[in-house]
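Each value in this text was obtained by applying a stated rule to the coordinates, not by laboratory testing. Because the structure is a prediction, the values reported are computed rather than measured. Note that each Cβ is placed from the backbone with ideal geometry, even for glycine, and that neighbours are counted across all protein chains shown.
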């Protein structure tokens with residue numbers, strides 16, 4: 001850990017965060033709005049990376065955790081008018097419970113089977129939102145009366161701060177002994193168990209942490225948007241974007257996932273003039289990265305550093 | 001009357017699901033690849049058949065053949081452009097190849113989907129049926145196309161069974177799904193078996209896609225649900241088990257039809273999803289899975 005504070009990665013991170021924090025002073029509100037969403041998205045991708053990259057669980061449904069947190073927070077605010085912060089906290093807690101529900105099959109089945117369970121969880125949540133339209137706003141979306149703040153600058157700083165804190169916690173966790181045990185149990189559960197580590201406990205922990213950050217970020221995002229809809233926080237396509245972001249940035253790096261998410265959102269915006277081809281181009285680039293740089297952005301950079 | 005209607009409609013839907021899932025499970029059984037671009041290839045076949053008929057003004061038979069041919073090409077493209085490079089890549093650790101194939105084929109499927117949407121819009125397209133008209137089965141008015149769909153599905157499934165169980169090539173494929181290493185020890189080239197499997201897959205997905213286009217119609221939005229339904233049928237039946245996915249297709253097809261008729265079309269997919277979750281908890285290897 002002490003090595004980390006002297007490492008180049010740490011210095012680069014500090015500089016990047018410092019520059020990012022001063023952005024509201026000289027860029028337009030439009031760019032800030034874009035980056036605000038990108039930062040929340042970055043937390044989704046990092047939380048996913050903790051589950052996949054470290055615990056080895058192929059979670060095809062990150063939006064199950066995100067959606068539960070987002071909708072719980074939104075519904076509580078919409079129905080009962082509870083304060084924003086209480087709603088966000090309860091949203092994150094609901095997401096933790098959802099994470100535990102998801103963890104149950106994960107402890108029984110592996111690989112593609114677990115992947116499918118998570119996919120089914122998302123489809124069920126999607127059906128739930130549509131069927132209970134009175135409560136959830138259905139396909140139109142849920143209107144959320146309160147916002148954290150209307151200032152674009154403050155919203156941006158909240159998102160940035162939240163992402164940096166999440167990154168620090170998740171990265172620290174991944175480099176800690178717990179992270180190593182997780183990695184071991186992800187790669188070879190039998191052997192890790194034979195070494196005396198409690199696999200079940202560690203995996204449950206990973207699910208809880210991943211769910212907590214996913215839900216928290218989802219809840220913050222809907223209070224930023226002022227609305228929650230299937231298309232923004234539940235749809236399988238959103239989940240695919242989270243996964244693509246994590247793989248692009250470099251799986252098992254945590255920080256790379258955030259980079260990948262920011263890249264994905266900003267690139268999508270730059271490609272807006274190409275209209276309907278934007279998604280095609282992003283997918284194509286992502287496929288090229290998957291095929292030729294399987295380590296992702298950060299993976300490629302880190303391996304070069306390790307070699308030199 | 002309603003019971004008979006459900007029986008007939010469910011049969012056609014289930015047969016179509018079975019055909020769609022068959023190629024998917026075959027590829028998994030032989031090469032361990034879960035092809036998440038499956039839905040995109042099916043839709044591509046249907047759209048190609050539709051475009052051939054409406055843009056090139058071919059007759060329906062030629063259109064259907066073009067659809068199947070396009071699916072075959074797409075299947076090989078998937079294998080050569082995405083799956084094979086990942087499988088042979090030295091930079092991807094072996095234990096992670098599965099997730100890379102999943103991510104890669106998923107992205108590939110999105111690319112196909114977006115191209116379809118770009119060139120042919122998102123609108124739903126219905127391929128002109130080969131046989132038109134309606135017949136009356138014991139008081140239930142049934143489109144002839146629905147019967148045709150079910151018949152073709154069963155004929156193709158039967159042909160596949162013969163191919164796999166009665167021909168030399170088919171037996172090699174079957175052997176490869178049981179024990180790939182054993183097959184190579186017998187002097188058979190695993191790569192050529194993969195080619196055969198992807199060819200079979202392309203034809204099956206193509207026929208299923210074109211029939212789906214005639215029966216229910218497709219749009220680029222159906223890509224995700226199609227992949228998900230094939231995936232769930234295959235897992236329900238047991239990954240890699242062809243007869244398992246046949247049974248599962250009928251379970252899912254009828255469950256959906258019964259729900260749509262008796263409860264509400266809006267709840268169509270929910271019981272099948274619940275059943276899937278229940279099966280995963282009780283019997284994670286699926287109905288006829290080996291593992």
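For chain A, set up a Gaussian network in which alpha carbons nearer than 10 Å are linked by springs, and say which option among A:275, A:172, A:29 fluctuates the most. Judging by the Gaussian network model, the answer is A:275. Taking B:215, B:11, B:119 in turn, the Gaussian network model of chain B (Cα-Cα springs below 10 Å) assigns the largest fluctuation to B:119.
Counting beta carbons within 10 Å around each of B:13, B:135, A:222 and listing the fewest first gives the order B:135, B:13, A:222.
Relative to one another, the C-alpha centroids of the range A:210-246 and the range A:82-150 are positioned 9 Å apart. With the simple model of a label 7 Å out from the Cα in the direction of the Cβ, residue A:149 to residue B:95 spans 4.5 nm.
Taking 7 Å steps out from each Cα toward its Cβ at residue A:85 and residue A:130 produces label points 3.9 nm apart.
The separation of the range A:1-71 from the range A:248-308, counted between C-alpha centres, amounts to 14 Å. Most mobile of A:149, A:253, A:63 per a Gaussian network model of chain A (Cα springs, under 10 Å)? Maximum among the listed residues: A:149.
Using C-alpha pairs below 8 Å separated by at least 6 residues, the relative contact order for chain A is 31 percent. Averaged over peptide A:281-288, the number of partner chain Cβ atoms lying within 10 Å of each residue's Cβ comes to 5.
Counted by neighbouring Cβ atoms within 10 Å, the residues A:202, B:38 run from fewest to most as A:202, B:38. Shape analysis of the range A:78-231 places it in the oblate category; the axes a ≥ b ≥ c from the Cα gyration tensor give an a/c of at least 1.5, with a/b not above b/c. For the pair residue B:162 and residue B:122 in one chain, pulling the backbone fully straight at 0.36 nm per residue adds 10.6 nm over the alpha carbon distance. The distance separating the Cα centre of the range B:7-29 from that of the range B:75-148 comes to 13 Å.
Annotation: the residues A:227, B:257, sorted from fewest to most other C-beta atoms within 10 Å of their own C-beta, follow the order A:227, B:257. First check a/c for the range B:1-51, with a ≥ b ≥ c the square roots of the eigenvalues of its C-alpha gyration tensor; if it is under 1.5, answer rounded, and if not, answer prolate when a/b is larger than b/c or oblate otherwise. Oblate. Could you grab the relative contact order for the range B:2-282? Cα pairs under 8 Å, six or more apart, rounded to a whole percent. Relative contact order, the range B:2-282: 37 percent. Enter the angle in degrees (range 0 to 90, nearest 10) between the Cα long axis of helix B:270-282 and the first principal axis of the Cα atoms of chain B, meaning the one along which they spread out most. Result, in degrees: 30.
Shielding by partners for peptide B:83-95, expressed as the average number of C-beta atoms from other protein chains within 10 Å of each residue's C-beta, is 2.
Spin-label pair residue A:21-residue B:140: with each label point 7 Å from Cα along the Cα-Cβ axis, the two points sit 6.9 nm from one another.
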